[in-house]
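See below for the structure under consideration.
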Amino acid sequence: MLLSSLASLEQNDSLHLARLMLILKSLAADSPETPLAGLTKLAKLDFLLRYPVFLERALQARHANTTNVKTEDYERFSVESTMVRYRFGPWDERYRRFLNLLSAMGLIQVNVEGRTITIFLTTAGVTIANHLSSRPEFEQLSRRAQLLKHFDLSATNLMRFIYDTFPEIASLRSGETIR
């Protein structure tokens, strides 16, 4: 029962969309219209948010306080908490679809500047992201999303940081579990 529930959550686009909106909200700081530059950066930040054990290790590597991660035992030790290496590392190929869905709903705006995709919340997106972050079921995710400010680096520097901090990611073949 638990495994089928978890599997259905992974297939639930709404949960992924909410998580991405919380990332965009957390990095917008003083101005909601501040764009996140790059799909790679979004994917790396989402990796950290989805997997709190890795977020905790990353914060330790940045010499930042890990108290607000509040990793639960089930997140540390369950089989569902392990990462799987996908084609582009520990993140999958669905981000473009997620961005298209959020854009179609009028919650984000996506621009292309040269080879970089910039993403920011629209006014409606800010309203929804604020609503999500105030809901009890998103409290933990919202709190952790705020910790992503420690990783507001360029996409290239964030990618280097991820691979330096988690070298096991690069050495695995596609489909293998990252522990």
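The values are calculated or read from the model by the stated rules, or taken from the named source; none is laboratory data. This structure is a prediction, so every number in the text was calculated from the model and none was measured. Here the Cβ positions follow ideal geometry from the backbone for every residue, glycine too, while neighbour counts run over all protein chains shown.
Which condition from (1) part of a helix (DSSP H, G or I); (2) at pLDDT 90 or above; (3) over 27 Å from Ser134 (Cα atoms); (4) not acidic (Asp, Glu) is the one that Ser4 breaks?
Answer for Ser4: the failing condition is (2).
What residue, among those in segment 86-97 that are more than 16 Å from Leu49 (Cα to Cα) and either acidic (Asp, Glu) or in contact with an Asp or Glu (Cβ under 7 Å, 6 or more places away or on another chain) (or both), is modelled with the highest pLDDT?
Going through the qualifying residues, I end up with Glu93.
Return the residues of segment 44-71 that are modelled with pLDDT of 90 or more and aliphatic (A, V, I, L, M); say none if nothing qualifies.
Residues satisfying the conditions are Leu45, Leu48, Leu49, Leu55, Ala58, Leu59, Ala61, Ala64.
Is there a residue being in contact with a strand residue (DSSP E or B) (Cβ under 7 Å, 6 or more places away or on another chain), at pLDDT below 90 and surrounded by fewer than 19 Cβ atoms within 10 Å (Cβ to Cβ) anywhere in segment 8-28?
Taking every residue of segment 8-28 in turn, at least one turns out to be in contact with a strand residue (DSSP E or B) (Cβ under 7 Å, 6 or more places away or on another chain), at pLDDT below 90 and surrounded by fewer than 19 Cβ atoms within 10 Å (Cβ to Cβ).
Residues to consider are Leu102, Leu107; find the one that is modelled with pLDDT of 90 or more and under 16 Å from the mean Cα position of the chain (by Cα).
Leu102
Find the residue count for segment 98-128, including only residues that are under 14 Å from Thr34 (Cα atoms) and in a helix (DSSP H, G or I).
So the answer is 3.
Restricting the search to segment 129-154, which residues are among the small types (Gly, Ala, Ser) and in a helix (DSSP H, G or I)?
If the condition is that a residue be among the small types (Gly, Ala, Ser) and in a helix (DSSP H, G or I), then Ala129, Ser133, Ser134, Ser142, Ala145 are the ones that fit.
Does segment 102-134 hold any residues that are of a type in the set (S, T, N, Q) and surrounded by 13 or more Cβ atoms within 10 Å (Cβ to Cβ), and which are they?
Ser103, Gln109, Thr116, Thr118, Thr122, Thr127, Asn130, Ser133, listed by residue number.
Give all pairs with beta carbons closer than 7 Å in which a residue from segment 99-120 that is closer than 12 Å to Ala18 by Cα meets a residue that is surrounded by fewer than 13 Cβ atoms within 10 Å (Cβ to Cβ); count only pairs at least 6 apart in sequence or on separate chains.
Taking only residues 6 or more apart or on different chains, the pairs are Leu101/Asp13; Leu107/Ala124.
Quick one: Glu176 ticks every box in (1) surrounded by fewer than 16 Cβ atoms within 10 Å (Cβ to Cβ); (2) at pLDDT 90 or above; (3) not β-branched (Val, Ile, Thr) bar one, so which box is it?
With (1) surrounded by fewer than 16 Cβ atoms within 10 Å (Cβ to Cβ); (2) at pLDDT 90 or above; (3) not β-branched (Val, Ile, Thr) applied to Glu176, the lone miss is (2).
Evaluate the following for Glu137: is it out of contact with any Phe, Trp or Tyr (no Cβ under 8 Å at 6 or more places or on another chain) and loosely packed, with under 12 Cβ neighbours inside 10 Å?
yes
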